[in-house]
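Below is one structure, written out as structure tokens; comments come after it.
The values are calculated or read from the model by the stated rules, or taken from the named source; none is laboratory data. Note that the structure is predicted; figures quoted are calculated from it, not measured. In this analysis, Cβ positions are derived from the backbone assuming ideal geometry, glycine residues included, and neighbour counts consider all displayed protein chains. All accessible areas refer to the heavy atoms of the entire protein, side chains included, with ligands and DNA or RNA removed. Shrake-Rupley method; radii C 1.70, N 1.55, O 1.52, S 1.80 Å.
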Amino acid sequence: MFGRAIHAIARISDEFWFDPVEKGLALRSVNSSRSAYAYVFFSSMFFQHYCWTAVSDPCHKEKELSLPCKLIVKAVLPVFRCANVLGRNVEKCSISTSPSDHHITFQLLCKHGVVKTYNLTFQECDPLQAVFAKHMCPNILKVHSRLLADVMIHFPTSQEEITLSVTPVKVCFKSYTEEDTDFSRTMVTEIHLSPEEFDYFQVGVDSEVTFCLKELRGLLAFSEATGVPVSIHFDRCGKPIAFSIEDVLLEASLILATLCEAQKEADSQERCCPQQWGSSETHPDKPSGDEPNSTDISKHPQRDGNAPTNPVAKQEVKSIPRVTGRDVTGRAGTATAEAAGEATEAPYQKFHSLFFGAVSYKEKDATGHTFQSLATASDTEEDLGPLQSSPVL
Amino acid sequence: MRFRAKIVDLACLNNFSRVINTISKLTKTCTLRLTVCKLYFILSDKVANGGASMWCELCQGNFFDEFQMEGVAAEHNEIYLELVPENLSRALKTAHSAKAVKIKLTNKHCPCLRVAVELPSLSSSSRIVTHDIPVGVIPRRIWNDFREPTMPDFDVSIYLPVLKIMKSVVERMKNLSNFIVIEANLSGEMNLKIETDLVSVTTHFKDLGNPPWASEDGCQSSAQGRNLESMAEARIDIKKLQQLLAGQQVNPTKALCNIVSKRIVHFILLHEDVSLQYFIPALA
């Protein structure tokens, strides 16, 4: 099971955060274009023996920090390769961390006395977490993963993106082709389902959302293994879509950015794009009719924000000013440096950005906070003045 | 120009899928010719195909429960389409348990073959999966390019050995060489030979039997006065042979090949409802 989760996460990105907390173990991953976020949480009950001790950080006195760290997926994947074989041969798997020398040890105790030990180094890093209010989504579908797998089987494995469109009376998945593709060469597939096939079907607003199928397949495979039904939460196009499974022992969710239609959002584009980000996500200098843009046009103030532009490797997460607060000149320097990095992500600009917040364990209950800016990690030296707000989950 | 057809019987659907799978293994694109009673999958011997050509004929009544077509004009009641068989094969691949499959020629953005598969589902209304496969309409002026190839004046005609065995032999040989020599005689013997600098391998088959072609005023004359033992041979691209054999999913009722020495090898595979002819030209 654990191995399957790693496989699912492997589809998203090359690295993931390994984050033990008191209640259980969390694995998180974000893909390189920040358009997909996967989160798997194994509660301590999932493990036969779960021991988590807080490492107290001398500079923060009473605060107890856990040990979030980042691992390269490729290093961990071989440990859990051949999930089927694992089930038969492995009797016990133990995972332990030693913070002093930055090692995580995976030990597989197999049949016939064979013990495989894998020592992997990790990087200490504060993980990112997507902020996504599931309960605010008008559209919720709940269905057994078998149905979704049966639907996805009709699409070729090379199909990148699919569109899900719902109305109160029907559901349709269709393959997505960009406007400029040659229709005389591409095959288009559409699947129509009736709402009765879903365990739970709620459609508050007719919508059509387009998201990446490849990343979803990983989660589907995982949920088929667990047997837990999948819930899909989404809204209009442009807003993220979340696929999640929840169970006593574990929960997993995959949040994907969705494509946003240029026409509908063009007028709001200016509002949301802070000018000093230069060539970042929204390309304000581009004609709006050109390609779908990724700005968030949220009407609700709580859901503001832009994706962080710094690459994952950096340990800091810069704070992003709110829509109204554009005058953060002090940050212009760093912003332009990062904008260059952002420019290379041009093809993914279309995707709606997700909202990330640094995970901080002391602020778990700050959900009502209206400032949804990203916070700097606790070890940053920069003082960002009035616009820095506390980390929010 | 209209075309619409429907398959309801699962066995017919699986049969049709198998034919499409075989075709898709042989070529990337081919021509589909629709007439009132038959469907033809045609590959003409252009240089782009490596000179290989294919002619596959199906009787529509054996597969479709409903079949209606209207050609380009009353006196030319046929439709010629260019399509990628892989697409069609993919569309039918997941239709194992379908209640019905409908195929229709449409023209939304561009001409498409719309395959609509109705699948059973847990709820009262079924699931419908639609695949739009883009096709190209071939204009009447070049229909002549797609005529049925004539039976060549062969030197030897022989039944093929059990295809599964032949396939595994050819697959092993494919790793060693790019070309294979097929030779056969009128005594039911066939050899498959490869030769490289380092190694040469020959597989001998015997007691295969030679099909009795009724002699029609001299067209088989080259085979008639022929020494029964002498071999007719042709050196062909091994990949084409391997593709042909790999694509066969069911054992044909009759499988034979006609060899024109050093010119061309003509394979004929006959099933109950389908006949497939494949020509592989000989290389120097």
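Read phi for every residue in the stretch B:8-19 and hand back ³J(HN,Hα) as whole Hz from Karplus 6.51 cos²θ - 1.76 cosθ + 1.60, θ = phi - 60°, with x for Gly and Pro.
After applying 6.51 cos²θ - 1.76 cosθ + 1.60, I find 10, 7, 5, 5, 4, 5, 5, 4, 4, 4, 5, 4 Hz.
Would you tell me the mean number of C-beta atoms belonging to other protein chains that fall within 10 Å of each C-beta in B:87-95, as a whole number?
Per-residue shielding by partner chains comes out at 3.
Hey, if you put +1 on the Cβ of every Lys and Arg and -1 on every Asp and Glu Cβ in the stretch B:2-145, which of B:Phe3, B:Ser24, B:His109 ends up farthest toward the positive end of that dipole?
B:His109
Measure off, as a whole percent, the carbon and sulfur share of the 1.4 Å-probe accessible area of the stretch B:139-284, all protein chains present.
Answer for the stretch B:139-284 is 48 percent, counting heavy atoms of protein chains only.
Per residue of the stretch A:137-151, in order, report the coupling 6.51 cos²θ - 1.76 cosθ + 1.60 (Karplus, θ = phi - 60°) as ³J(HN,Hα) in whole Hz, putting x for Gly and Pro.
These are the phi-based 3J(HN,Hα) values: 7, x, 10, 9, 10, 10, 8, 6, 4, 4, 5, 5, 4, 4, 6 Hz.
Any idea what the dipole of chain B comes to, in debye rounded to 20, about its Cα centre with Lys/Arg Cβ at +1 and Asp/Glu Cβ at -1?
Dipole of chain B, to the nearest 20 debye: 1140 debye.
Quick one: of A:Lys174/B:Lys104; B:Lys167/B:Lys206; A:Lys142/A:Lys170; B:Lys93/B:Lys239; A:Lys142/B:Lys104, which pairs are farther than 23 Å apart, Cα to Cα?
In this structure, B:Lys93/B:Lys239; A:Lys142/B:Lys104 lie more than 23 Å apart at Cα.
Could you work out the helix-only [θ] at 222 nm for chain B, with each DSSP H run of four or more residues adding -39,500 (n - 2.57) and the total divided by the number of residues, to the nearest 500 deg cm²/dmol?
-5500 deg cm²/dmol
Peptide A:190-197: average number of partner chain Cβ atoms within 10 Å per residue?
What the average comes to for A:190-197 is 6.
Taking K and R as +1 and D and E as -1, what net charge do the other residues with C-beta under 11 Å from the C-beta of B:Gln68 add up to?
My count for the surroundings of B:Gln68 gives +2.
Given R₀ = 45 Å, FRET efficiency for B:Thr29-A:His135 by Cβ-Cβ distance, to 0.05?
It comes to 0.30.
Which whole number gives the average, over all residues in A:142-155, of C-beta atoms from other chains lying within 10 Å of the residue C-beta?
So the per-residue partner count for this stretch is 2.
Put a dot 7 Å past each Cα toward the Cβ at B:Leu283 and B:Arg140; how far apart are the dots in nm?
4.1 nm
Please find the FRET efficiency linking B:Leu198 to B:Leu228, where r is the Cβ-Cβ separation and R0 is fixed at 51 Å, and quote it to the nearest 0.05.
With a Förster radius of 51 Å, E is 0.90.
Less than 12 Å Cβ to Cβ from B:Thr130, Lys/Arg counted +1 and Asp/Glu -1: what total charge do the surrounding residues give?
+3
Which FRET efficiency, nearest 0.05, do A:Cys172 and B:Trp213 yield, Cβ-Cβ r, R0 60 Å?
For R0 = 60 Å, the calculated efficiency reads 0.60.
Name the residue from B:Pro152, B:Gly136, B:Asn15 whose Cα lies farthest towards the positive end of the charge dipole of chain B, charges +1 on Cβ of Lys and Arg and -1 on Cβ of Asp and Glu.
B:Gly136
Heads up, I need the accessible area for A:Met136: 1.4 angstrom probe, whole protein in place, Å², nearest 10.
80 Å²
How much length would be gained if the chain were fully extended between A:Ser158 and A:Thr117, taking 0.36 nm per residue of separation minus their Cα-Cα distance, in nm to one decimal?
Roughly 11.2 nm would be gained on extension.
Which of the peptides B:85-97, B:130-142 is most tightly packed, and how do the rest follow, going by the mean number of other Cβ atoms within 10 Å of each residue?
Taking the mean over residues of other Cβ atoms within 10 Å, the ranking is B:85-97, B:130-142.
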